[in-house]
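> Pasting in a structure now, in structure tokens, and then I'll have a few things to ask.
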Amino acid sequence: MSHELRTPLNTIIGMSDVMLEGVYGVLNEKQHRAMANLQDSGYHLLALINDILDVAKLAAGQMRLHREAIDVDSLCNSCLAMVKKAADDKRVALVYTRDERIERMVADLRRMRQIIVNLLSNAVKYTNEEGSIGLEVRCNEEGDTVIITVWDTGIGIAPDDMKRLFKPFVQVDSSLTRRYEGTGLGLTIVQSLAALHGGSVRLESEVGAGSRFVVAVPWIHPPGEVASKSWNPDGDSDFANSVRTDSPLLLVAEDNESSIEMLTGYFELAGYRVQVARNGLAAVQLAASLKPDVIVMDIQMPELDGHQAMQRIRREDTSRRVPIIAVTALAMPGDAERSRAAGADEYLTKPVSLRLLRKHIEHLLTLATTTTRDQVI
Ligand code: ADP
């Protein structure tokens with residue numbers, strides 16, 4: 001599909017280039033304008049097709065990341081350069097701040113650029129003339145997460161619209177007379193790519209005051225550079241626990257393969273037995289058949305989402321209350337409350353520090369044992 005769609009478009013764009021350069025004779029002004037228009041539309045369509053193909057690939061779980069060591073400052077500068085003209089045309093100021101400790105990280109360069117450029121383009125698009133937008137890079141206190149924020153002083157987003165904007169083809173103003181061009185695919189792509197990196201997106205916004213999109217991804221250091229705490233299980237003194245048949249059973253409900261690999265690898269090393277459910281329905285079934293000691297539940301999953309899965313587990317298994325930790329890649333206001341109402345005991349945002357997750361699990365397991373003992377007494 002990708003080849004079939006892109007090939008004719010490449011011809012259209014290429015041939016219009018040839019015409020514009022006067023290879024087949026010099027064009028008059030009207031012809032030049034018409035040809036330039038044709039070429040612009042070609043580029044526009046190409047961008048659209050690329051977005052649609054990315055969304056299809058992400059939805060089918062076919063998107064693979066090519067991780068490499070990247071220079072964060074060059075990444076940011078190249079993204080800013082891509083939106084500079086659009087910002088200058090609207091006299092919108094561009095502000096860039098970076099914590100200088102963050103020099104390099106391991107990530108997919110092309111996909112990280114896609115995340116940042118999408119957010120920056122939106123920031124320019126939805127900010128009125130002479131406003132400002134910014135790109136900010138910092139890390140969390142533990143130094144294991146890179147936090148990339150794109151902010152603007154633009155039109156803002158109402159609380160009711162926040163969550164649905166991350167769904168494909170959704171725009172706040174989808175009327176035929178709408179003021180802003182676009183497809184409504186950008187934020188879906190941003191969110192899925194952040195999740196593929198094991199990270200999350202958070203949105204804070206106020207109508208009329210502006211928005212802040214906060215992308216948090218694990219800070220993986222290039223080999224040979226300072227090791228990230230969350231990816232370095234050797235740093236844990238009590239890590240040599242072996243898995244035994246009576247070790248606690250952890251059910252990981254998660255559809256992202258790299259998160260599955262990371263969680264199973266870590267918790268098996270920590271002495272847990274681990275089973276995986278790749279969608280919400282499988283989570284409900286495995287929760288009933290395996291009777292796990294604790295469940296780590298991703299919220300965005302196929303078939304049933306994490307909220308629905310937790311509700312069904314709570315409804316169907318009334319004989320006990322298995323501890324559930326909800327983990328989300330899209331943190332919206334009110335999410336923590338929604339997760340708790342659906343049955344979660346704890347709520348965490350990706351990227352989850354594995355050490356912190358383990359602490360939560362150990363705490364919940366201790367609570368569960370105490371409660372059971374109390375009931376027996
Ligand atoms: P598009 O911009 O192509 O319409 P996106 O998925 O990137 O699609 O964004 C979806 C919708 O979210 C936009 O149509 C707009 O209504 C809203 N939006 C995105 N970014 C911002 C922003 N920075 N400020 C205000 N609204 C925004």
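> Applying the selection to region 8-53, what residues are closer than 30 Å to VAL190 by Cα and open to solvent by less than 60 Å² (accessible area, probe 1.4 Å)?
LEU9, ILE13, GLY14, GLN39, GLY42, LEU46, ALA47, LEU48, ILE49, ASN50, ASP51, LEU53
> Looking for whichever is of a type in the set (Lys, Arg), away from the ligand (no atom under 13 Å from the Cβ) and touching a Pro at 6+ places or on another chain (Cβ under 6 Å) here; the options are ARG104, ARG113. Which one fits?
ARG104
> Okay, next question. Would you call THR127 farther than 15 Å from SER200 by Cα and open to solvent by less than 20 Å² (accessible area, probe 1.4 Å)?
So THR127 passes the test.
> How do the pairs read when you match residues in region 171-192 that are modelled with pLDDT under 90 with residues anywhere that are more than 9 Å from the ligand (Cβ to nearest atom) and not in a helix (DSSP H, G or I), using Cβ under 8 Å and keeping only pairs 6 or more apart or on different chains?
So the pair list comes out as VAL172/ALA158; ASP173/ARG179.
> Given the criterion without any contact (Cβ under 8 Å) to a residue 40 or more places away in the chain and outside any strand (DSSP E or B), identify the matching residue among ALA86, ALA123.
Unique residue meeting the criteria: ALA86.
> Next up: What residue, among those in region 282-333 that are acidic (Asp, Glu) and out of contact with any strand residue (DSSP E or B) (no Cβ under 7 Å at 6 or more places or on another chain), is least open to solvent (accessible area, probe 1.4 Å)?
If we take residues in region 282-333 being acidic (Asp, Glu) and out of contact with any strand residue (DSSP E or B) (no Cβ under 7 Å at 6 or more places or on another chain), then ASP317 is least open to solvent (accessible area, probe 1.4 Å).
> A further question follows. Working only within region 130-170, note down all residues that are on the phi > 0 side of the Ramachandran plot, open to solvent by 60 Å² or more (accessible area, probe 1.4 Å) and more than 18 Å from the chain's Cα centre (by Cα).
Listed by number, the list holds a single entry, GLU130.
The values are calculated or read from the model by the stated rules, or taken from the named source; none is laboratory data. Given the structure is predicted, the values throughout are model-derived calculations rather than measurements. Backbone-built Cβ (ideal geometry, glycine too); neighbour counts: all protein chains shown. Ligands, DNA and RNA are stripped out before the accessible areas are found, and what is left, the full protein with its side chains, is counted by its heavy atoms. Shrake-Rupley method; radii C 1.70, N 1.55, O 1.52, S 1.80 Å.
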